[in-house]
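Where a number appears in this text, it was derived from the coordinates with a stated rule and is not lab data. Bear in mind the structure is a predicted one, so any value in this text is a computation, not a measurement. Every residue, glycine as well, gets a Cβ built from its backbone with ideal geometry; the counts of neighbours run over all protein chains shown.
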Amino acid sequence: NAGVMQNPRHLVRRRGQEARLRCSPMKGHSHVYWYRQLPEEGLKFMVYLQKENIIDESGMPKERFSAEFPKEGPSILRIQQVVRGDSAAYFCASSRRAVAGTATNTGELFFGEGSRLTVL
Amino acid sequence: SQQGEEDPQALSIQEGENATMNCSYKTSINNLQWYRQNSGRGLVHLILIRSNEREKHSGRLRVTLDTSKKSSSLLITASRAADTASYFCATGPLNSGGSNYKLTFGKGTLLTVNP
C-alpha cells in the first residue's frame, strides 16, 4: 500500500540548470496534481494531469515550467534554467477519481512527501 | 487576510491540554479541509467539512465551520507530543466547474506539544 512516491527528496541545482521532479501516484490513481510550497508559505496549486493529458495548468508559470504524465511511468515536473526563486518544496498529490467536490466525492487528495529543490 | 489563513501562527502547549487553531477565508467555498505536516514531510489529510455542515468529529479532532463568519476551527483534545506539527486549512472553491482540486492553503499553525 505504497503512498504517493516522489523523487528525489532533495535536489540541488545551480542557476541555469534543469530540475526534474518525479511523482508516482498511489496504485489505482490516475489523477495527479502538483503543488509548490515556498518557504514560510502555504501550498499553491500548479497543475493537474491525467494520463497523457494536462487538464489544468493555470497555476504553473508560463515559462520554464512544464509537466507531463505519460501513459507509462511517473509524472514529471520539469523546470528549465532554474533561478533562486524556484527554491521550494514541490508536492505531488493523487486521487482515484476527478476531485469534483460533489456529495459522492470526498475531495481528498493524497500527498507525497515532497521534493525539496534548492537553487544555488 | 489571505484565503485560508490560520491563527495563531504558532502555539505551544503541554501534553494533555487541548489545542485550538482557527482558519479564516474570504470567498465562498465548497468545503474546508485540515491537513497536518510534520517537519520536512508531506501533508496528511485530517478531516473535510462541507459547506452545509457545522461540526464534524474524527477521533480526538473536532472541526467547526461557520460560513457566515467564513471561519473554521480545529480542536485537538488531550494533545500528545506526537501531535507536534504544522496544521493547514485548505478551502475547495465553490462554483469551480469541478475544479475542487485547486485547494487554497493558508500558511499554517505550528503546534508544539511539550511532554
Q) Sorting A:MET26, A:MET46 on the 10 Å Cβ count, fewest up front, what's the list? A) A:MET26, A:MET46
Q.
Net charge within 14 Å of A:ASN53 by Cβ-Cβ distance, Lys/Arg positive one each and Asp/Glu negative one each, not counting A:ASN53 itself?
A. -2
**Q.** Over 30 Å [Cα-Cα, the protein assembly as shown], rounded percent
**A.** 25
Q. Can you tell which of B:SER79, B:SER58, B:SER28 shows the greatest fluctuation in a Gaussian network model of chain B with Cα springs below 10 Å?
A. B:SER58
Q: Could you tell me whether the range A:12-53 comes out rounded, prolate or oblate from its Cα gyration tensor? Rule is a ≥ b ≥ c as square roots of the eigenvalues, rounded for a/c under 1.5, then prolate if a/b exceeds b/c, otherwise oblate.
A: oblate
Q: Summarise the partner chain shielding of B:36-46 as one whole number: the mean count of Cβ atoms from other chains within 10 Å of each residue's Cβ.
A: 5
Q. With +1 on each Lys and Arg Cβ and -1 on each Asp and Glu Cβ, how big is the dipole of chain A about its Cα centre, in debye rounded to the nearest 20?
A. 340
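Using a 10 Å cut-off on Cβ to Cβ distances, tally the other chain neighbours for every residue of A:48-60 and report the average as a whole number.
Values: counts 3, 0, 0, 0, 0, 0, 0, 3, 5, 0, 2, 1, 0.
The per-residue average across the peptide is 1.
How many Cβ atoms of partner chains, on average, are near each residue of A:23-32 if near means within 10 Å of its Cβ?
Values: counts 0, 0, 0, 0, 0, 0, 0, 0, 1, 1.
Taking the mean over all residues of the peptide, I get 0.
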Q. B:SER68 to B:SER39: extension gain in nm, 0.36 nm per residue of separation minus the Cα-Cα distance?
A. 7.1 nm
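Multiplying the sequence separation of B:LEU94 and B:ASN18 by 0.36 nm and subtracting their Cα-Cα distance, what value in nm do you get?
24.2 nm
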Q | Calculated Rg and Dmax of chain B using C-alpha coordinates, Å | A | 13.6, 46
Q | Coarse-grained scattering of chain A at q = 0.14, 0.19, 0.20, 0.23 Å⁻¹, given as base-10 log I(q)/I(0) from a Debye sum over alpha-carbon atoms | A | -0.55, -0.99, -1.09, -1.40
